[in-house]
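The values are calculated or read from the model by the stated rules, or taken from the named source; none is laboratory data. Just so we're clear, the structure is a prediction, and the values are computed from it rather than from any experiment. Methodologically, a virtual Cβ is constructed for each residue, glycine included, from the backbone with ideal geometry; neighbour enumeration extends over all protein chains shown.
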Amino acid sequence: MQNDPFRIRDHVAEFDDIVAEIVRRSTEVRATIPMVADVAYGAHATETIDLFFPEGKRDRLPVHMFIHGGYWRMFSKRDYSYVAETVTRAGAIAVIVDYALMPAVRMATIVDQVRRAKGWVLDHIGNRGGDTERLTVSGHSAGAQLATMLFNDGGRTSTIKGALLLGGLYDLKPLQTSFLAAEIAITDEDAARFSPLTRRFDPSVSVEIAVGADETPPFHSQAEAFARHLKEQGLQVSQTTLPATNHMSSVRDLGLAGTEAATLLTNLVSG
């Protein structure tokens, strides 16, 4: 498909360089920041989280969950360990979530997995020095869509204090005619059940919706539409356009001190 706005590689010349950089930095973070790797939240091999801790006493620390993107069909938690650098620098426990990938599983399975990962955090992170009353979440791209599934029951509190949604996908219907049609075959049922624009949300959650200035048009229009959707439901919503950033550089910047993306994450975690 020519000029597919969802095929990120076609619009980000440095795609491979950025991926190599974040993988390298993630390896460094796993070697330098105190962590517990591959904590199981379920029975499947992909149902694990990595925990990263700030230096010092672990007593009722803020807790932050990060969910990676990759259109639900690539990357893993190990590729995104670098995000923990910003989270732990802010004095919080970082929970980097892994999940199974499409097309081996359907989206319903992935949504269930991230919800059970949150359940593990609520049940167990207190034993690791975390405070579940200070739980926040962030996600990038498909990870932003998955992050919304942690506070989308409008009928009860979600226990999520705040969320940072970066370069997110909030309407899955257009993906059915994108290059992803052949790769993950999003169904009408997927689009209806799991598009954030079709859901109701916990009105107590504060949400930051961010998008890179150099993203393709659908990412901007979907961010605008989802912000309106949340505001209509009474959520506190902030919107940020990150200058001179694209779909990949924006998520890279989450782990780079001094960037606007890292500042948004720091403010969320420590707020």
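For the stretch 117-137, indicate whether the set of residues that are in contact with a Gly (Cβ under 7 Å, 6 or more places away or on another chain) and closer than 27 Å to Val211 by Cβ is non-empty. Spell out the reasoning first.
Residues of the stretch 117-137 that are in contact with a Gly (Cβ under 7 Å, 6 or more places away or on another chain), as a first pass: 132, 136.
Narrowing further to those that are closer than 27 Å to Val211 by Cβ: 136.
Yes; the residues of the stretch 117-137 include at least one that is in contact with a Gly (Cβ under 7 Å, 6 or more places away or on another chain) and closer than 27 Å to Val211 by Cβ.
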Fill in the blank from the handout: (1) surrounded by 14 or more Cβ atoms within 10 Å (Cβ to Cβ); (2) assigned to a loop (DSSP other than H, G, I, E, B) all hold for Gly234 apart from (1)
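Are any residues in the stretch 15-39 small (Gly, Ala, Ser) and touching a residue at least 40 places away in the same chain (Cβ under 8 Å), and if so, which ones? Please lay out each step first, then the result.
Quick first cut of the stretch 15-39, residues small (Gly, Ala, Ser) only: 20, 26, 31, 37.
Correct list: Ser26 only.
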Handout entry: Criterion: assigned to a helix (DSSP H, G or I), under 18 Å from Gly69 (Cα atoms) and small (Gly, Ala, Ser) - qualifying residue of Ser221, Ser250
Key = Ser250
Exercise for the section: Could you tell me whether the stretch 176-190 includes any residue that is at pLDDT 95 or above, polar (S, T, N, Q) and touching a strand residue (DSSP E or B) at 6+ places or on another chain (Cβ under 7 Å)? Expected result: no
Problem - Conditions (1) within 27 Å of Val83 (Cα to Cα); (2) in a helix (DSSP H, G or I); number of the one not met by Thr240 - result: (2)
Problem - Residue satisfying condition, being part of a helix (DSSP H, G or I), over 26 Å from Asp10 (Cα atoms), out of contact with any Pro (no Cβ under 6 Å at 6 or more places or on another chain) and among the charged types (D, E, K, R), within set Arg228, Arg200 - result: Arg228
Practice task
Please indicate, with yes or no, whether at least one residue in the stretch 58-81 is surrounded by 15 or more Cβ atoms within 10 Å (Cβ to Cβ) and more than 19 Å from the chain's Cα centre (by Cα).
Solution key: yes
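Suppose the filter is surrounded by fewer than 20 Cβ atoms within 10 Å (Cβ to Cβ) and of a type outside the set (Asp, Glu); does Thr86 pass it? Even if it seems obvious, please write down each step before you answer.
Numbers: surrounded by fewer than 20 Cβ atoms within 10 Å (Cβ to Cβ): no; of a type outside the set (Asp, Glu): yes.
No: the conditions fail for Thr86.
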Exercise for the section: Tell me which of these Tyr170 doesn't satisfy, since it passes every other one: (1) in contact with a Lys or Arg (Cβ under 9 Å, 6 or more places away or on another chain); (2) within 30 Å of Asp123 (Cα to Cα); (3) not polar (S, T, N, Q). Expected result: (1)
Exercise for the section: Tell me which of these Val105 doesn't satisfy, since it passes every other one: (1) in a loop (DSSP other than H, G, I, E, B); (2) surrounded by fewer than 23 Cβ atoms within 10 Å (Cβ to Cβ); (3) in contact (Cβ under 8 Å) with a residue 24 or more places away in the chain. Expected result: (3)
